[in-house]
Amino acid sequence: MTIKIWTYIMVGLTFGLYLVIAWMSRVKDTRGFYVAGGGVPPLANGMATAADWMSAASFISMAGIISFTGYTGAVYLMGWTGGYVLLALLLAPYLRKFGKFTVPDFVGDRYYSDTARVVALICAIFVSLTYVAGQMRGVGIVFSRFLEVDVNTGVIIGMVIVFVYAGLGGMKGITWTQVAQYLVLIVAFLIPAAAISRMVTGSFIPQLGFGSSILSGPDAGRHLLETLDQIGQDLGFSAYTSAFGPGNKSMLDVLCMTLALMVGTAGLPHVIIRFYTVPSVRAARLSAGYALLFIAILYTTAPAVAAFARYNMVGTVNEAPYAQAPTWFKNWERTGLIAWMDKNGDGVIQYRAGAPFAGKPQSSGQIGAHGQVLLANAPAPGANELYVDPDIMVLANPEIAALPAWVIALVAAGGLAAALSTASGLLLVIASSVSHDLYYRVINRGASERARLTLGRVMIGVAVCVAGYFGINPPGFVAQVVALAFGLGASSFFPILVLGIFWKRATREGAICGMIAGIGFTMFYIVQTKFLGMAPWFMGVSPEGIGAVGMVLNFAVTVVVSALTPAPPQAVQDMVETVRFPRGAGAAVDH
Amino acid sequence: MTQSTQTTGSMREYWRRNVGYMAVLLAIWATVSYGCGIVFVEPLNAVTVGGFPLGFWFAQQGSIFVFVVLIFVYYLLMLRLDRKYDVHE
């Protein structure tokens, strides 16, 4: 059977599974809709959190980015896992004990202020919308590459599926489909990883193969990483395992980016609300551990895949005559993810440091002397002739490792599972922010259960349409705003949540000023450096890392302003006291 | 929290122990990631263990393993502490 038929079967089977789960976990009340009835076992919540967290970027792009940046890729590996330690120790148990539905719920109650609640809900919506647009786009791209349907049709199919299970089952439907999606995506990631590890090093376990010797070929018997270091230097790149230095980020920048991603992770509302769904404080602590364990399975495999893929790619492609290039190279050349410009006219592919030509490859529609796709781009100076999109490292992996067609189809289903699971978690945050935090808590306290549930479903529909719109008409800045999402998570929520739990004296005025100062500074810096083309003026910290500075600013402003304003009311201080002790954490309530 | 008003001293003690555990675990968290993985990565890279330059291994593998262990250790420590101070669920 062809790859395409297999892909239809795999995607069809997994989508069918999600719909069956959606029907079985449909809900009738707001508690089920917002927090899955508060009865999700820790192991299941761990899997759901892992799927919620790992997006299309983690599944498709991360290994490729590491492959091209070597050591510096550790920013994402540590940044997107280390935040769970902060969540498990500083936030999850206490927010679970507090036991409401959303993050703005906690901010509004702890800081006895609807202004704080509204600031928090605006941050939650903004962060989630930014993120979900990218996921929908990811769904469209997977559809178009593997099933050859139009990107827009792909986005619409994705929208309908998410709307059905998120609308019917709310958090409950989302949770159980995410459990299934985790299993699909992890199997889809591990099978090609184990195969390529075995091919390069003889070890089935990528984490071990990563440090092993190369099995065969010209470098047989040498350690993989040592070989990669040398290959890199021979071609004019810096050594794969070396940190900082020319062409790499500075130590301060790596520190700031890692910190911003860690703290941003701990401040993202769609991750935090997952801890409201478990039955107890103990379960919240345990499910954070399971979540990170399940995430770590992918996150420790990805850097190994990055190294194998780089070794394979350079070995098979560099200095190879185009006529003898492997089939996968020609397959992916047609998608524009890989391109070759024969600048010296020798018919041989040269891979060196530096850009081969200006911009992304633009096919001129003609075929060159060697059968290659000719490009309309202006050639760049330097000897490099090869353009490789980082995504190819995961997408083409099964073909590079010569795996059967069903594995390639499974990777497509895995990419869709990663994108859909994250999208649904984000959509629920958007829907609950409007229907619960804004409508029920601020506008109409007398709304009936039934009206609120209906509004929740309508809001899921609205959010799906907005996300789909941005998926079909992606604003040019989707990639850039991901930095903004983490920067905002880090500089807005994290400091006031931590202070709210660990410092009874933190006041309403402090929290509002802190949030505004943190977000304001972070946003200002990102807009200046990303959109207005200014050089990163704050000690050379890149916009992706500035959230760390915004977070420190938020902490400082909150502490100073709190010290200057009257202490919070006794009832609020008692509430903080209660949150610190596990006993009595009943089911989440909406008062 | 009715019992906490009667036994405020022991509750304060419970909270202090909890914060103590967190401080130690977060110190380890910072040491492996920011210390071994970033600040001291270059001197550690001079040491090679089983094919890995050590600093690189901490940055791309080791710190993640340590993070997982830290959360489970905290879970177990708190399980014991909650029972000892009779605040468990």
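When residues in the stretch B:43-65 are screened for being more than 9 Å from chain A (Cβ to nearest Cβ) and either within 17 Å of A:MET78 (Cα to Cα) or in a helix (DSSP H, G or I) (or both), 4 of them pass. Taken together, A:VAL149, A:VAL142 contain a single residue that is part of a helix (DSSP H, G or I) and either on the phi < 0 side of the Ramachandran plot or touching a His at 6+ places or on another chain (Cβ under 8 Å) (or both), which is A:VAL142. Considering A:ALA376, A:ALA402, the condition of being of a type in the set (A, V, I, L, M, F, W, C) and on the phi > 0 side of the Ramachandran plot is satisfied by A:ALA402 alone. Just to be sure, is A:THR335 farther than 30 Å from A:MET171 by Cα, among the β-branched types (Val, Ile, Thr), in contact (Cβ under 8 Å) with a residue 40 or more places away in the chain and part of a loop (DSSP other than H, G, I, E, B)? Criteria met by A:THR335. Pairs are defined by a Cβ separation below 9 Å, a sequence spacing of at least 6 or placement on different chains, a first member in the stretch A:404-433 that is outside any helix (DSSP H, G or I), and a second member that is not hydroxyl-bearing (Ser, Thr, Tyr); the pairs so defined are A:PRO404/A:TRP6; A:PRO404/A:PRO398.
Per-residue answers, yes or no, for (1) in contact with a Lys or Arg (Cβ under 8 Å, 6 or more places away or on another chain); (2) modelled with pLDDT of 95 or more; (3) within 23 Å of A:CYS256 (Cβ to Cβ):
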{"site": "B:THR5", "(1), (2), (3)": "no, no, no"}
{"site": "B:ASN45", "(1), (2), (3)": "no, no, yes"}
{"site": "B:VAL49", "(1), (2), (3)": "no, no, no"}
{"site": "B:LEU54", "(1), (2), (3)": "no, yes, no"}
{"site": "B:PHE67", "(1), (2), (3)": "no, yes, yes"}
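So, of the residues in the stretch A:54-90 that are β-branched (Val, Ile, Thr) and open to solvent by less than 10 Å² (accessible area, probe 1.4 Å), which turns out to be farthest from A:ALA302 (Cα to Cα)?
Going residue by residue through the stretch A:54-90, those that are β-branched (Val, Ile, Thr) are A:60, A:65-66, A:69, A:72, A:75, A:81, A:85.
With the extra rule that they be open to solvent by less than 10 Å² (accessible area, probe 1.4 Å), the set shrinks to A:66, A:75, A:81, A:85.
Values: A:ILE66: 8, A:VAL75: 13, A:THR81: 13, A:VAL85: 20 Å.
Of everything passing the filter in the stretch A:54-90, A:VAL85 is farthest from A:ALA302 (Cα to Cα).
Of all residues in the stretch A:280-302, those satisfying the criterion of being buried (at least 21 other Cβ atoms within 10 Å of the Cβ) and more than 7 Å from every other protein chain (Cβ to nearest Cβ) are A:ALA283, A:ALA284, A:SER287, A:TYR290, A:ALA291, A:PHE294, A:ILE295, A:LEU298, A:THR301, A:ALA302.
Looking only at residues of the stretch B:24-69 that are more than 21 Å from the chain's Cα centre (by Cα) and among the polar types (S, T, N, Q), we find that the one that is least open to solvent (accessible area, probe 1.4 Å) is B:ASN45.
Looking only at the stretch A:359-396, residues that are part of a loop (DSSP other than H, G, I, E, B), touching a helix residue (DSSP H, G or I) at 6+ places or on another chain (Cβ under 8 Å) and closer than 15 Å to A:ILE338 by Cα come to 6 in all. Scanning the stretch A:518-538 for residues that are free of Cβ contacts under 8 Å to residues at least 60 places away in the same chain, touching a helix residue (DSSP H, G or I) at 6+ places or on another chain (Cβ under 6 Å) and open to solvent by less than 30 Å² (accessible area, probe 1.4 Å) returns A:GLY518, A:THR522, A:TYR525, A:ILE526, A:THR529.
Could you list, in sequence order, all residues of the stretch A:91-112 that are open to solvent by 10 Å² or more (accessible area, probe 1.4 Å) and within 19 Å of B:MET78 (Cα to Cα)? So that I can check it myself, show each step before the final result.
Initially, the stretch A:91-112 is screened for residues open to solvent by 10 Å² or more (accessible area, probe 1.4 Å), giving A:97-98, A:100, A:109, A:112.
Selection gives A:LYS97, A:PHE98.
Listed conditions (1) among the hydroxyl-bearing types (Ser, Thr, Tyr); (2) buried (at least 24 other Cβ atoms within 10 Å of the Cβ); (3) modelled with pLDDT of 85 or more are all met by A:THR115, apart from (2).
Residue-wise test of (1) in contact with a Cys (Cβ under 7 Å, 6 or more places away or on another chain); (2) at pLDDT 95 or above; (3) over 28 Å from B:VAL87 (Cα atoms).
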site	(1), (2), (3)
A:GLY489	no, no, yes
A:GLY518	no, no, yes
A:THR522	no, no, yes
A:MET534	no, no, yes
A:PHE555	no, yes, yes
A:ALA563	no, yes, yes
A:GLU577	no, no, no
A:PHE581	no, no, no
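Pairing each residue of the stretch A:82-101 that is more than 8 Å from chain B (Cβ to nearest Cβ) and of a type in the set (Lys, Arg) with any residue that is assigned to a helix (DSSP H, G or I) and surrounded by 22 or more Cβ atoms within 10 Å (Cβ to Cβ), provided the two are 6+ apart or on different chains, yields C-beta distances under 6 Å for A:ARG96/A:PHE275; A:ARG96/A:VAL281; A:ARG96/A:ALA284; A:LYS97/A:VAL281; A:LYS97/A:VAL579. Scan the stretch A:349-376 and report the pairs whose first residue is under 18 Å from A:ARG310 (Cβ atoms) and whose second residue is outside any strand (DSSP E or B) and open to solvent by 40 Å² or more (accessible area, probe 1.4 Å), with Cβ atoms within less than 6 Å and a gap of 6+ or a chain change. Listed by first residue and then by second, the contacts come to A:GLN350/A:ALA383; A:ARG352/A:GLY236; A:ARG352/A:ALA383; A:ALA353/A:GLY236; A:ALA353/A:PHE237; A:GLY354/A:GLY382.
Looking only at the stretch A:530-546, count every residue that is at negative phi and in a loop (DSSP other than H, G, I, E, B) and tell me the total. Step through it out loud before you land on a result.
Here is the first cut: in the stretch A:530-546, the residues at negative phi are A:530-532, A:534-538, A:541-546.
Right, trim to in a loop (DSSP other than H, G, I, E, B) and you get A:532, A:534-538, A:541-542.
Number satisfying all stated conditions: 8.
For the stretch A:343-371, filtering for residues that are at positive phi and in contact with a Lys or Arg (Cβ under 9 Å, 6 or more places away or on another chain) leaves 1. Residue-level analysis places A:ALA383 outside the set of residues that are open to solvent by less than 10 Å² (accessible area, probe 1.4 Å) and touching a Lys or Arg at 6+ places or on another chain (Cβ under 9 Å).
Looking at the stretch A:307-322, is at least one residue part of a loop (DSSP other than H, G, I, E, B), at positive phi and not small (Gly, Ala, Ser)? Yes, the stretch A:307-322 contains a residue that is part of a loop (DSSP other than H, G, I, E, B), at positive phi and not small (Gly, Ala, Ser). Hey, among the residues in the stretch A:242-269 that are modelled with pLDDT under 90 and surrounded by 24 or more Cβ atoms within 10 Å (Cβ to Cβ), which one's farthest from the other protein chains (Cβ to nearest Cβ)? Per the criteria, the residue is A:PRO269.
The values are calculated or read from the model by the stated rules, or taken from the named source; none is laboratory data. These figures come from a predicted structure and were not determined experimentally. Neighbour counts run over all protein chains shown; Cβ positions are idealised from the backbone, glycine included. These area figures cover heavy atoms from the full protein model, side chains too; ligands, DNA and RNA do not enter into them. Shrake-Rupley method; radii C 1.70, N 1.55, O 1.52, S 1.80 Å.
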